[in-house]
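Peer 1: First the structure, which I've put down as structure tokens, then a few questions once you've had a look.
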Amino acid sequence: GAGVSQSPRYKVAKRGQDVALRCDPISGHVSLFWYQQALGQGPEFLTYFQNEAQLDKSGLPSDRFFAERPEGSVSTLKIQRTQQEDSAVYLCASSLASVTNPRELFFGEGSRLTVL
Amino acid sequence: DQQVKQNSPSLSVQEGRISILNCDYTNSMFDYFLWYKKYPAEGPTFLISISSIKDKNEDGRFTVFLNKSAKHLSLHIVPSQPGDSAVYFCAARSWRDDKIIFGKGTRLHILP
């Protein structure tokens, strides 16, 4: 596609429910990042993939959060047993270069998760 | 510990005047600084960047200044236009781990 695509755009979950958020990066982009943006805050780094390898997951807030990119293209961010504090916009970004050129980081529109 | 700080949550500027958005950082390992612009319900889009080896980068109406000794950078927009109304994020990359760290953002309102 022309840009980074994320789905669903909006998700409402009951506390304790599992959710899965999908990111389709720009075709051919090697690097993929997940960020969490809470209301009134800047994007907070969650995890980073280079192709299918998860090189950095230091930003994942707990073991309830899990991300994968099994074929080096589409990525899924899974949140188990959701809590209210997980409510945020989850942003995915991709980059062509294997050594990230920050100038080339393209963001999707985000998936807004609301946990009731 | 916030490594990239934008201390002004919002800023209002008259159309045609200069907008100055400020950003401070604490990590000496940052080697690249960026500004992103975000409209509601959209993802951030890249605006302008500067390498740590430079002190100024200009692109049309946008100029970014870097003061390494003060660990401070600023984005100047001149002249300001209505379409510039958005949230602006300052961001920085560490050469050590390649992560891009964002500030909390400044909401810019351009007044008619």
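The values are calculated or read from the model by the stated rules, or taken from the named source; none is laboratory data. This one's a predicted model, so the numbers in the text were calculated from it and none came from an experiment. All Cβ positions, even for glycine, are placed from backbone atoms using ideal geometry, and neighbour counts span all protein chains on display. Each accessible area value is taken on the protein alone, full model and side chains, heavy atoms only, with ligands, DNA and RNA left out. Shrake-Rupley method; radii C 1.70, N 1.55, O 1.52, S 1.80 Å.
Peer 1: Within segment A:55-70, can one find any residue that is open to solvent by 10 Å² or more (accessible area, probe 1.4 Å), at pLDDT 95 or above and within 11 Å of another protein chain (Cβ to nearest Cβ)?
Peer 2: Checking segment A:55-70: not a single residue is open to solvent by 10 Å² or more (accessible area, probe 1.4 Å), at pLDDT 95 or above and within 11 Å of another protein chain (Cβ to nearest Cβ).
Peer 1: Something else now. Please give the number of the condition B:R107 fails out of (1) in a strand (DSSP E or B); (2) open to solvent by less than 70 Å² (accessible area, probe 1.4 Å).
Peer 2: Just one mismatch for B:R107, condition (2).
Peer 1: Of the residues that make up segment B:86-104, is at least one away from chain A (no Cβ under 14 Å), β-branched (V, I, T) and either within 11 Å of the chain's Cα centre (by Cα) or exposed (fewer than 13 other Cβ atoms within 10 Å of the Cβ) (or both)?
Peer 2: no
Peer 1: Out of all the residues in segment A:84-108, which are assigned to a loop (DSSP other than H, G, I, E, B) and either surrounded by 14 or more Cβ atoms within 10 Å (Cβ to Cβ) or under 16 Å from the mean Cα position of the chain (by Cα) (or both)?
Peer 2: Those that are assigned to a loop (DSSP other than H, G, I, E, B) and either surrounded by 14 or more Cβ atoms within 10 Å (Cβ to Cβ) or under 16 Å from the mean Cα position of the chain (by Cα) (or both): A:S87, A:L96, A:A97, A:T100, A:N101, A:L105, A:G108.
Peer 1: Of the residues that sit in segment B:1-19 and are of a type in the set (V, I, T) and farther than 29 Å from A:S95 by Cα, which one is surrounded by the most Cβ atoms within 10 Å (Cβ to Cβ)?
Peer 2: Among those residues, the one meeting the criterion is B:V13.
Peer 1: Within segment A:41-52, how many residues turn out to be within 13 Å of chain B (Cβ to nearest Cβ), outside any strand (DSSP E or B) and either touching a residue at least 12 places away in the same chain (Cβ under 8 Å) or over 18 Å from B:T45 (Cα atoms) (or both)?
Peer 2: Final tally of qualifying residues: 1.
Peer 1: Another one. Within segment A:71-83, can you find the residues that are open to solvent by less than 10 Å² (accessible area, probe 1.4 Å) and out of contact with any Cys (no Cβ under 9 Å at 6 or more places or on another chain)? Let's see the steps before the verdict.
Peer 2: We begin by selecting, within segment A:71-83, every residue open to solvent by less than 10 Å² (accessible area, probe 1.4 Å); these are A:75, A:77, A:79, A:82.
Within segment A:71-83, A:I79, A:T82 meet the criteria.
Peer 1: List every residue pair whose Cβ atoms sit under 6 Å apart, with the two residues 6 or more apart in sequence or on different chains, where the first one lies in segment B:37-50 and is open to solvent by less than 50 Å² (accessible area, probe 1.4 Å) and the second, anywhere, is assigned to a loop (DSSP other than H, G, I, E, B).
Peer 2: B:K38/B:P44; B:G43/A:G108; B:G43/A:E109; B:G43/A:G110
Peer 1: Moving on to the next point. Do any residues in segment A:1-24 that are farther than 23 Å from A:Q84 by Cβ have Cβ atoms under 8 Å from those of residues that are among the hydrophobic types (A, V, I, L, M, F, W, C) and surrounded by fewer than 17 Cβ atoms within 10 Å (Cβ to Cβ), where the two are at least six apart or on different chains, and which pairs are they?
Peer 2: A:C23/A:V74; A:D24/A:V74
Peer 1: Mind listing whichever residues of segment A:25-40 are closer than 25 Å to B:V87 by Cβ and either open to solvent by less than 60 Å² (accessible area, probe 1.4 Å) or away from chain B (no Cβ under 14 Å) (or both)?
Peer 2: Going residue by residue through segment A:25-40, those that are closer than 25 Å to B:V87 by Cβ are A:25-26, A:29, A:31-40.
Residues satisfying the conditions are A:P25, A:I26, A:H29, A:S31, A:L32, A:F33, A:W34, A:Y35, A:Q36, A:Q37, A:A38.
Peer 1: Any idea how many residues of segment A:53-83 are farther than 10 Å from A:L32 by Cβ, in a loop (DSSP other than H, G, I, E, B) and either among the aliphatic types (A, V, I, L, M) or out of contact with any Leu (no Cβ under 7 Å at 6 or more places or on another chain) (or both)?
Peer 2: Result for segment A:53-83: 13.
Peer 1: Which residue is farthest from the other protein chains (Cβ to nearest Cβ), if the candidates are limited to segment B:4-55 and must be part of a loop (DSSP other than H, G, I, E, B) and of a type in the set (A, V, I, L, M, F, W, C)?
Peer 2: Residue satisfying both the conditions and the ranking: B:I18.
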